[in-house]
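Report on one structure; see the data block that follows.
No value in this document is a laboratory result; all are computed from the given coordinates. Predicted, not measured: the structure shown is a model, and the values here were computed from it. FYI the Cβ positions are ideal-geometry reconstructions off the backbone, even for glycines, and counts take in every protein chain you see.
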Amino acid sequence: MSSDNGAPKEEFVDTHEDEGNDEEEISAMKRRVAEMEAEAAKLREMQATLDQQSNDLREDKEDIDARSIFVGNVDYGASPEEIQAHFQSCGSINRVTILLDKFTGHPKGFVPRPSILP
C-alpha cells in the first residue's frame, strides 16, 4: 500500500459494475414501490366498498326496525300463526318470533318486533 517514498498507494476500483448493480436495484425498488402503491389503491377501494355495504346494512336495519313492533303480555300458549292472524289486518307480516327461555324452553310471554309491512 505504500510506495517507495512512503506516500500511500492509490487503489483504483472499477465502479462501472457497481453502478450497473445499483441501477438494477433502484429500478427493482421502483417496481416494488409501484406494486405496493397499486396494492394500497386496491385496499382503499375495498375499504370504501365495505364502508358502503355497512351503511346500506345499517339503513336496512333502521328500515326494518321502523316497520317492526314489540308485543308484550302474549299468552304463553299463543303460536306464531295465531299472532300472525291477529295482526294480519295491520299489513303483510314478514316474521313472528316468540322468544323462549333458554333453560326451560317455554315462551317468555312477549314477541319482539314482528316485522309488519305497511
Problem set entry | Approximate spin-label separation D60-N21, in nm, with each point projected 7 Å along Cα-to-Cβ | 5.8 nm
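With a sphere of radius 14 Å drawn around the Cβ of A38, what net charge do the other residues whose Cβ falls strictly inside it have (Lys, Arg +1; Asp, Glu -1)?
On the way: positive: K30, R31, R32, K42, R44; negative: E35, E37, E39, E45.
Net local charge, A38 excluded: +1.
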For this session: Starting from the Cα-Cα distance between E81 and H106, subtract it from 0.36 nm times their residue separation and give me the gain in nm to one decimal.
Result: 7.3 nm
Exercise. What FRET efficiency do you get for R67 and L99 if R0 is 22 Å and r is their Cβ-Cβ distance, rounded to the nearest 0.05?
Worked result: 0.70
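Report the gain in length on full extension from A34 to Q52: 0.36 nm times residue separation, minus Cα-Cα distance, nm rounded to one decimal.
Extra length from A34 to Q52 when fully extended: 3.8 nm.
For a quick check of your reading of the filter: which chymotrypsin sites (Phe, Trp or Tyr not before Pro) in the stretch 17-100 sit in a DSSP loop and have no more than 13 other Cβ atoms within 10 Å?
Details: sites: F70, Y76, F87; in loops: F70, Y76.
Qualifying residues, ordered by number: F70, Y76.
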Seminar exercise, completed: Under the rule rounded for a/c under 1.5, else prolate if a/b exceeds b/c, else oblate, using alpha carbon gyration tensor axes a ≥ b ≥ c, the stretch 13-100 is classed as prolate
